[in-house]
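To start, the structure itself, in structure tokens.
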Amino acid sequence: MGSCEVFGVIWHLRIPLDSHIFEYMKDVITIEELRAGISERLPNIASKDILFQILALLQTEDQNQDWWDELSVTQRASIDAGLADLKAGRRKSHAEVMKKYGM
């Protein structure tokens, strides 16, 4: 039985995610085959709730990326300078900043 067939069997039998078969499947099926199996079924999903759950999962995947890697060199240097100021004791209290800006 090929990897795509394994995906199809698990899909149609509604095998629970916590079963040993899913652990076996992780070793057998490639990520490309898994993507293909999922994207083949995606257009047939009629439930808006399920589609929003998928969207939430995709957003979680995006959030797992380190935001630091998205910063420019200038932004990183600015943050590092601010941290150095804090470490050296150069800081202002919240009240001082609010007073300065008339708040």
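Some notes on this structure:
- Test result for A46, modelled with pLDDT of 80 or more, part of a loop (DSSP other than H, G, I, E, B) and out of contact with any Lys or Arg (no Cβ under 7 Å at 6 or more places or on another chain): yes
- Put simply, of D18, D69 the only residue that is open to solvent by 80 Å² or more (accessible area, probe 1.4 Å), modelled with pLDDT under 85 and not in a helix (DSSP H, G or I) is D18.
- When A84, A36 are checked against the criterion of being modelled with pLDDT of 90 or more, open to solvent by less than 70 Å² (accessible area, probe 1.4 Å) and not in a loop (DSSP other than H, G, I, E, B), a single residue qualifies: A84.
The values are calculated or read from the model by the stated rules, or taken from the named source; none is laboratory data. These numbers were taken from a predicted model, which means no experiment stands behind them. Because the Cβ atoms are built from the backbone with ideal geometry, glycine has one as well, and the counts that use them run over all protein chains shown. Heads up: the accessible areas ignore ligands, DNA and RNA and are worked out on the full protein's heavy atoms, side chains in. Shrake-Rupley method; radii C 1.70, N 1.55, O 1.52, S 1.80 Å.
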